[in-house]
1. Which one of these is part of a helix (DSSP H, G or I) and within 23 Å of the chain's Cα centre (by Cα): 69, 132?
2. Please find, among 346, 361, the residue that is more than 30 Å from residue 224 (Cβ to Cβ), in contact with a strand residue (DSSP E or B) (Cβ under 9 Å, 6 or more places away or on another chain) and more than 16 Å from ligand 2 (Cβ to nearest atom).
3. Does region 312-341 hold any residues that are touching a helix residue (DSSP H, G or I) at 6+ places or on another chain (Cβ under 9 Å), closer than 23 Å to residue 293 by Cβ and either assigned to a loop (DSSP other than H, G, I, E, B) or touching a residue at least 40 places away in the same chain (Cβ under 8 Å) (or both), and which are they?
4. For residue 263, are the conditions met, namely being touching a helix residue (DSSP H, G or I) at 6+ places or on another chain (Cβ under 9 Å), buried (at least 22 other Cβ atoms within 10 Å of the Cβ) and farther than 22 Å from residue 219 by Cα?
5. Taking the condition within 16 Å of ligand 1 (Cβ to nearest atom), in contact with a strand residue (DSSP E or B) (Cβ under 7 Å, 6 or more places away or on another chain) and part of a loop (DSSP other than H, G, I, E, B), does residue 43 pass?
6. How many residues does region 183-198 contain that are surrounded by 20 or more Cβ atoms within 10 Å (Cβ to Cβ) and out of contact with any strand residue (DSSP E or B) (no Cβ under 7 Å at 6 or more places or on another chain)?
7. For the structure I just gave you, tell me whether residue 383 is free of Cβ contacts under 8 Å to residues at least 24 places away in the same chain, under 16 Å from residue 296 (Cβ atoms) and either within 16 Å of ligand 1 (Cβ to nearest atom) or surrounded by fewer than 12 Cβ atoms within 10 Å (Cβ to Cβ) (or both).
8. Just the residues that are touching a residue at least 12 places away in the same chain (Cβ under 8 Å) and part of a strand (DSSP E or B), please, taken from region 96-121.
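Please treat every number below as a calculation from the coordinates, not as lab data. Note that the structure is predicted; figures quoted are calculated from it, not measured. Here the Cβ positions follow ideal geometry from the backbone for every residue, glycine too, while neighbour counts run over all protein chains shown.
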Ligand SMILES: [Zn+2]
Ligand SMILES: [Zn+2]
């Protein structure tokens with residue numbers, strides 16, 4: 001910087017070449033952030049001129065295949081826009097800027113249409129119109145579209161989520177029909193994410209839905225789709241998939257709301273099963289808040305490895321797993337509709353609470369993990385020690401990860417492949 005005043009900042013281009021080089025070497029995007037302490041609360045002609053000068057210098061150094069981001073802080077708001085090296089004169093405004101702390105703060109989102117506002121009148125009555133507009137701006141990824149994923153997605157769509165990315169490669173089974181929402185008997189045998197997308201689009205609300213019929217932990221397309229979401233909702237009972245989302249939430253700076261069900265079914269005295277306990281768990285992990293799924297005890301390495309071993313050899317026995325020091329994880333969760341649905345409903349409310357905090361947690365209930373006990377009729381949390389050196393939630397090794405390949409997993413390929 002060679003000079004500054006409340007109106008203008010002057011800088012030289014030559015020293016920036018070092019930063020341009022870093023961008024090229026580390027796969028980073030060059031960004032220019034400035035403020036207008038005395039207004040205007042929009043990009044000025046001077047900003048336009050500066051950005052064109054900068055992107056030309058960047059393109060001369062790094063070639064035309066570059067992206068440039070400009071952000072402006074003015075009047076308590078963030079504005080942002082991007083340009084591509086191929087057409088530097090065209091500035092594309094971003095949909096919104098999301099700031100993630102203990103909650104979601106959104107800037108620059110659009111006002112909802114009159115039609116959407118009418119549908120969401122009741123929600124606006126509870127949480128205000130900005131809440132409705134913010135939810136309409138968000139893209140939510142739902143991994144797993146069965147007993148918890150389908151009620152989450154259908155209620156979330158009715159609640160005013162703007163974009164849903166549905167991920168599930170499994171076909172609907174007849175035994176799912178006791179608890180799924182929006183899926184019919186005629187859908188049995190068809191991929192859940194596709195049929196759920198069709199159902200939600202058929203409701204006729206202003207929600208855009210994408211379906212990706214694959215596993216989140218093996219498909220680069222699914223990983224990129226997840227990376228593009230503002231919030232991820234984990235609705236699978238799959239440990240390998242949860243492990244990937246547990247890394248992605250830090251690398252891509254997303255809240256992860258993970259739903260799990262568990263319990264214990266015993267033999268009753270009458271010869272029929274007896275539900276000893278049954279709970280729904282809602283975990284809410286933010287990149288800089290709360291324990292990760294490992295530290296919460298939701299996933300364990302020996303469970304993930306056992307699942308991968310089963311994927312490779314479906315006939316592997318419990319004995320053979322034991323010989324390899326692995327075990328199948330999880331507890332009995334028979335898949336009872338009111339329990340799966342109620343847990344999904346709690347997760348939708350958790351999303352609402354992230355946007356417009358309304359919950360008052362009693363001191364013994366944790367924000368990042370609580371259980372709804374359907375037998376004892378109570379909401380509680382339990383203390384988990386966690387790993388004090390956890391590479392996810394303590395050492396933050398995945399936070400703003402410099403990726404040589406997706407999430408540094410070579411089998412998922414380079415991020416550039418997809419551009
Ligand atoms: Zn400016
Ligand atoms: Zn952890």
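1. Values: 69 fails: part of a helix (DSSP H, G or I).
Of the residues listed, the single one that is part of a helix (DSSP H, G or I) and within 23 Å of the chain's Cα centre (by Cα) is 132.
2. Numbers: 346 fails: more than 30 Å from residue 224 (Cβ to Cβ).
Of the residues listed, the single one that is more than 30 Å from residue 224 (Cβ to Cβ), in contact with a strand residue (DSSP E or B) (Cβ under 9 Å, 6 or more places away or on another chain) and more than 16 Å from ligand 2 (Cβ to nearest atom) is 361.
3. 324, 325, 326, 327, 328, 329, 330, 333, 335, 340, 341, listed by residue number.
4. Working: touching a helix residue (DSSP H, G or I) at 6+ places or on another chain (Cβ under 9 Å): yes; buried (at least 22 other Cβ atoms within 10 Å of the Cβ): no; farther than 22 Å from residue 219 by Cα: yes.
Judged against the criteria, residue 263 is not a match.
5. Working: within 16 Å of ligand 1 (Cβ to nearest atom): yes; in contact with a strand residue (DSSP E or B) (Cβ under 7 Å, 6 or more places away or on another chain): yes; part of a loop (DSSP other than H, G, I, E, B): yes.
So residue 43 fits the description; yes.
6. Number satisfying all stated conditions: 0.
7. Numbers: free of Cβ contacts under 8 Å to residues at least 24 places away in the same chain: yes; under 16 Å from residue 296 (Cβ atoms): yes; either within 16 Å of ligand 1 (Cβ to nearest atom) or surrounded by fewer than 12 Cβ atoms within 10 Å (Cβ to Cβ) (or both): yes.
Yes.
8. Residues of region 96-121 touching a residue at least 12 places away in the same chain (Cβ under 8 Å): 96-104, 106-113, 115-117, 119-120.
Listed by number, the residues that qualify are 97, 98, 99, 100, 104, 106, 107.
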